[in-house]
1. Do we find that A:A165 is among the small types (G, A, S), surrounded by 16 or more Cβ atoms within 10 Å (Cβ to Cβ) and assigned to a helix (DSSP H, G or I) in this structure?
2. Can you tell me which residue in the range B:1-36 is nearest to B:A132 (Cα to Cα), limited to those that are without any contact (Cβ under 8 Å) to a residue 60 or more places away in the chain and among the acidic types (D, E)?
3. Quick check on my filter: what residues within the range B:124-168 are modelled with pLDDT under 90 and outside any helix (DSSP H, G or I)?
4. Restricting to the range B:124-143, and then to whatever is under 19 Å from B:V222 (Cα atoms) and more than 10 Å from every other protein chain (Cβ to nearest Cβ), can you tell me which residue is surrounded by the most Cβ atoms within 10 Å (Cβ to Cβ)?
5. If I filter the range B:173-193 for residues that are away from chain A (no Cβ under 12 Å), surrounded by fewer than 24 Cβ atoms within 10 Å (Cβ to Cβ) and touching a strand residue (DSSP E or B) at 6+ places or on another chain (Cβ under 8 Å), do I get at least one hit?
6. Answer yes or no: is there a residue in the range B:205-220 that is facing another protein chain (nearest Cβ under 9 Å), free of Cβ contacts under 8 Å to residues at least 60 places away in the same chain and within 20 Å of the chain's Cα centre (by Cα).
7. Please determine, by comparing only the residues of the range B:4-57 that are closer than 18 Å to B:Y79 by Cβ and not in a helix (DSSP H, G or I), which one is modelled with the lowest pLDDT.
8. Of all residues in the range B:112-123, which are in a loop (DSSP other than H, G, I, E, B) and either more than 9 Å from every other protein chain (Cβ to nearest Cβ) or touching a Cys at 6+ places or on another chain (Cβ under 8 Å) (or both)?
Amino acid sequence: MLNNIYNIFFIPEIFLACSSFVCLLFGLFLKKNAFRQTSNLAVFVLLLTILLVYYDSESNFANYKSLFSHSSFINFFKILALLGSIASIIISKDYFLGIKLKNFEIPILFLFSTLGMMLMIASNNLMSMYLAIELQSLSLYVAAAIKRDSITSAESGVKYFILGALSSGILLYGFSLIYGFTGSMNFDDISFYLSKYDNLNLGLIFGLVFVMVGLAFKVSAVPFHMWTPDVYEGAPNSITGFFAIVPKIAAVALIYRFCLVPFENFYLEWSQIILFLSIASMFLGAIAAIAQSNIKRLLAYSSIGHIGYILIALVAANDDGIKAASIYMFSYMIMNVAIFAILLSLKVKNEYLINISDLKGLSKSNPIVSLSISIIMLSMAGIPPFIGFFGKFYVFVAAIEQELYVLSVLGVLASVISAFYYLRIIKIMYFDESKSEGIINFQISFQSKIILSLSLFLIICFIFYPSLLINISASLTI
Amino acid sequence: MIDWPLVSVIIFLPLIGALIILFIKEDELTSINIKWAALLATLGTFILSLILWLQFDYSNPSYQYEEKFRWFDDFNFFYHVGVDGISLFMILLSTFLTPLCILASWNNIKKRVKEYMLSFLFLETVMIGMFASIDILLFYIFFEAVLIPMYLIIGIWGGNRRIYASFKFFLYTLLGSVLMLIAIIVMYRNTSSMSIEFLQGNYFSYNTQLFLWLAFFASFAVKIPMWPFHTWLPDAHVEAPTAGSVILAGVLLKMGGYGFIRFSLGMLPEATEFFIPLIMTLSIVAIVYTSLVALAQTDIKKLIAYSSVAHMGIVTIGIFLVNQQGLEGAMMQMISHGLVSAALFLCVGVIYDRMHTREIEFYGGLVQRMPLYATVFMIFMLGSVGLPGTSGFIGEFLVIVGAFKFSSYVVIGAAFGIILSAVYMLYLYKRIIFGTITNNKLADILDINTREKIILIPLAISVILLGIFPNLFLDPMRLSLELIITNYEIANAK
């Protein structure tokens, strides 16, 4: 226990918080190469934090029992978020240098945001949950607007901020209702209080709905998804990469914990909301992405669609659902890391790639890159034998275990629709004849190359040894 | 018996070939080294699959050469492959046709030869893997993975409307197969098993069977294809390169028939009994309607594509008669159609390579310049019509004999289709081959060369062999089919 004062620094969250400040000072006093050095340090800090999360058994935040909790599910998602953060810092480093955006604050912002996410995932109390969400979001608002001289970046930052503030307000209102009707902010206490009742009263239902709305905004589930395409499009590509990869992990873990811990006995109440969010997200994500010509908007809609599938597993609300969510989230992270690692290294006429149609002729000029993109796209579409298929497969296993037949059929139909736009990217690369060849440059740093190869390896080779991930995710308890 | 993993070697040998091709440097001008590597890999696979046949135990109705490894720790999902009488010839068909496809594309594929050969080798692996799977999820993984190389083959090396055709092919078949995924999960939930062998023991309640049957029907009816789900097929055939059409007609359509026998008949007998009238109606409509449509075609490939739908109608009738003659006839018809339609597409490829058009009107009087071509074309044309002595006859005859036990209306429908098939095939042959050369461009057309002889003559021999010694093929599959029929009758007698 906390008999030694130094032990406190081995709590991952505290370690990360302190190190983030150290990084900030470090960056401030560096004269040259501040951005590069700080990024490297940030990656190092995050790696250490992963080790601490992995090995922490006694000294963890759960000792502050009322605010945070500790479980294998939480640890899994924390490690996932940290890994995503590391990957996105590494793959975006060269991009930032390329567009001459060398503020050393960027990795620091990522660090603080990651800290917020770790707290979000672990939070066991409405208050700590809210503060964690705010810490995470505030860093991201700034990150979205980091390119100050670009109108689109500023616009996306402001848009994100205003809508985020609105959703936080709704979230807080929901919290206050729940607190008012149960008399507690702690998840366990709320659960204990509610276990005496068969039905939620009207106030609590309102509270629940408000909180769901706020959380749906954070995971960008339809109909609270409006900000996602605009923010994705406006923010610099590398920030978009971070948005796509990491915050979703934390938000998904949070929505799972919020539904399954304090309100686990009121499945019927929240499952209807999640059911609607899930179906709407899958279909809107699939249909709206068809019309996109901007690759970032397309990926935004694709991530909305993926959230729909993860929410299917939440509607299933069984052990298989937790397993499915963790496998799906892992595959989602890997696929997004891989696609952004490529996008952040592709230049068309010395500009970073934005329009999908610019991929034309890539299969001639750069066969390996286009093959990689095709594999990622097929995996995202859920075509076997790639990892994306197994994510979807486990989601449907969980849903059918709970006899959600209609939902599963709708899910697979949406996946067929979404296959269309993933295939369209392959079509543009392979089927369309291009007259102007060689305008696409692919330059990738050694570190990003490692990240890219590793994630491609996982996408392709998951099928040969699936048991490792599956055993881990099967053992998770919420 | 053989104590090394023969089936796995056959499945993965093409993939290993593909990996080797991936790492050899392409010869800039001719890509000759890539072509030879692909040809050797596929020929090796074919020779190994012949061992499968030679060592096959005819007296064993269940799976042979089984290999089983646990794959997923949390699931009863195994890497479980093996061969029985039903899958044996499907595997042989795949391994036989793929080297011919590689040879057929020897000169006419000029761009991206490396990717082309990679696609074909990957395709061969997944086709064989699919027929050899004894685990449904493994089957499903291969079944859907087939879409990836086929999508690329149609989309990259196809004709003018290739993009439309490739998307239609992919999305249509994907829509069918995802419903099968749901059905597979439901089956697993009810029985905790994914073994095809185990699931053939009839474990589902009647209502569950109906839904499962519809889900499987969605995927196989699109694949085989049955009217009215056939519209992707003419597009895909016309736009695909010659070798793509060959594999599509020769093997991919059989995936549907194979699935019907294994899943619908084998696992869902009571639901099958319920849906037999539906299948019979659709099949007869398919036979008559698509034959008439074929008659009106002006494009040779499209005509053969529609004739495929009609022939597959005979197959579905044979399968759902669920008696010995019907099933044997359906299997023979599938093998025969695999050879004959593949050969017909290759024949079309021969003249397309020379003249770059597939319009029937363009040709006429080819017999004057291409006597050898006219001869082999005639063998395949007669095989397609079902003349005695060719493979097509055995299948159609057995199906009609079986159909008499079921209903004479079905017999009338099927026989009418066979007559129509004679009409459109003979009419096609007359227009292309007979007469005098009216089109001046055809004056210098050359007869088939050595490479084309190597491709077409084995096919012609096997079509005749199948017609004269059908027992060579019927004996190995007989017991496996009997097993399915017995299970079916036991389930429905309850």
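1. On the way: among the small types (G, A, S): yes; surrounded by 16 or more Cβ atoms within 10 Å (Cβ to Cβ): no; assigned to a helix (DSSP H, G or I): yes.
It is false that A:A165 is among the small types (G, A, S), surrounded by 16 or more Cβ atoms within 10 Å (Cβ to Cβ) and assigned to a helix (DSSP H, G or I).
2. By that ranking, first place goes to B:D3.
3. B:G158, B:G159, B:N160, B:R161
4. Among residues in the range B:124-143 that are under 19 Å from B:V222 (Cα atoms) and more than 10 Å from every other protein chain (Cβ to nearest Cβ), the one surrounded by the most Cβ atoms within 10 Å (Cβ to Cβ) is B:M127.
5. Taking the range B:173-193 first, the residues away from chain A (no Cβ under 12 Å) are B:191, B:193.
Next, only the ones that are surrounded by fewer than 24 Cβ atoms within 10 Å (Cβ to Cβ) stay: B:191, B:193.
Then drop every residue that is not touching a strand residue (DSSP E or B) at 6+ places or on another chain (Cβ under 8 Å), which leaves none.
Checked against the condition, which is being away from chain A (no Cβ under 12 Å), surrounded by fewer than 24 Cβ atoms within 10 Å (Cβ to Cβ) and touching a strand residue (DSSP E or B) at 6+ places or on another chain (Cβ under 8 Å), the range B:173-193 yields no hits at all.
6. Scanning the range B:205-220 turns up no residue that is facing another protein chain (nearest Cβ under 9 Å), free of Cβ contacts under 8 Å to residues at least 60 places away in the same chain and within 20 Å of the chain's Cα centre (by Cα).
7. B:W4
8. In the first step, residues of the range B:112-123 are kept if they are in a loop (DSSP other than H, G, I, E, B); the result is B:112.
Within the range B:112-123, no residue meets the criteria.
The values are calculated or read from the model by the stated rules, or taken from the named source; none is laboratory data. Just so we're clear, the structure is a prediction, and the values are computed from it rather than from any experiment. Cβ coordinates were reconstructed from backbone atoms using ideal geometry, including for glycine residues, and neighbour counts include every protein chain displayed.
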